[in-house]
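Engineer: There's a structure below that I have some questions on.
The values are calculated or read from the model by the stated rules, or taken from the named source; none is laboratory data. Remember, predicted model here, so these are calculated numbers, not experimental data. Ideal geometry is used to build each Cβ from the backbone, glycine not excepted, and the neighbour counts take in all protein chains shown.
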Amino acid sequence: MSPSRPNPPRRERASSGSGAPGPSRSGSGASGSSRSGSGSDGFPASRNVRYVWYALLLVLGALVGAAGSLVQAAWLPAGLLLALLATAGLFYGGLRATGTQVGVAAAGGGWLLAVVLLSFGRPEGDGVFGGGVGELLFLFGGMGVAVMCATLSRLPRPTR
């Protein structure tokens with residue numbers, strides 16, 4: 001390699017068949033496994049995998065929001081804490097699973113959609129939320145946890 005020419009991008013280097021000395025990059029090895037599914041550092045390598053994660057997190061957010069709405073009203077002090085811990089686990093898990101803040105936003109969007117739809121109630125007056133301090137703490141606490149998880153600095157990717 002000449003000093004005046006910059007290094008080619010990683011994917012060109014891995015697929016090029018140049019006669020450079022060193023180990024062969026064609027064949028099954030560590031580079032072959034990093035192309036399917038997730039990269040060598042545990043984060044999703046492909047956009048399609050990340051989009052599947054976003055859709056899954058949206059659905060999980062709706063489920064956690066609906067379950068949290070029921071649990072926080074049933075057992076007020078402990079249920080509220082349990083619902084907020086589940087919400088925090090989902091949001092932080094979305095950040096770690098996708099490696100981006102969009103994972104938190106997808107989970108938070110599903111959570112907020114479920115909580116808002118359950119707060120509307122029906123024309124007969126039936127609703128999940130009765131209008132008290134617990135419901136407000138769940139709503140604002142969940143939004144606060146989402147903001148905290150979305151603004152966390154991403155951890156550096158481990159190097160080999």
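Engineer: Within the set of pairs 6 or more residues apart or between chains, which connect a residue that is without any contact (Cβ under 8 Å) to a residue 12 or more places away in the chain and among the small types (Gly, Ala, Ser) inside the stretch 130-141 to a residue that is surrounded by 18 or more Cβ atoms within 10 Å (Cβ to Cβ) and part of a helix (DSSP H, G or I) with Cβ atoms less than 9 Å apart?
Structural biologist: 132/73
Engineer: May I ask you to say which residue of 58, 84, 117, 112 is modelled with pLDDT of 95 or more, not β-branched (Val, Ile, Thr) and not in a loop (DSSP other than H, G, I, E, B)?
Structural biologist: Sole residue among the options that is modelled with pLDDT of 95 or more, not β-branched (Val, Ile, Thr) and not in a loop (DSSP other than H, G, I, E, B): 58.
Engineer: Same structure, new question: Mind checking which residues of the stretch 38-55 are closer than 22 Å to residue 108 by Cβ, at pLDDT 55 or above and assigned to a loop (DSSP other than H, G, I, E, B)?
Structural biologist: None; the set is empty.
Residues are listed down the side, and each one gets a yes or a no for (1) surrounded by fewer than 17 Cβ atoms within 10 Å (Cβ to Cβ); (2) of a type in the set (S, T, N, Q); (3) over 10 Å from the mean Cα position of the chain (by Cα):
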{"residue": "49", "(1), (2), (3)": "yes, no, yes"}
{"residue": "52", "(1), (2), (3)": "yes, no, yes"}
{"residue": "79", "(1), (2), (3)": "no, no, yes"}
{"residue": "95", "(1), (2), (3)": "no, no, no"}
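Engineer: Restricting the first residue to the stretch 68-80 and requiring it to be among the aromatic types (Phe, Trp, Tyr), which pairs with a second residue that is loosely packed, with under 13 Cβ neighbours inside 10 Å meet a Cβ separation below 9 Å and a spacing of at least six or different chains?
Structural biologist: If the second residue must be loosely packed, with under 13 Cβ neighbours inside 10 Å, no pairs are left.
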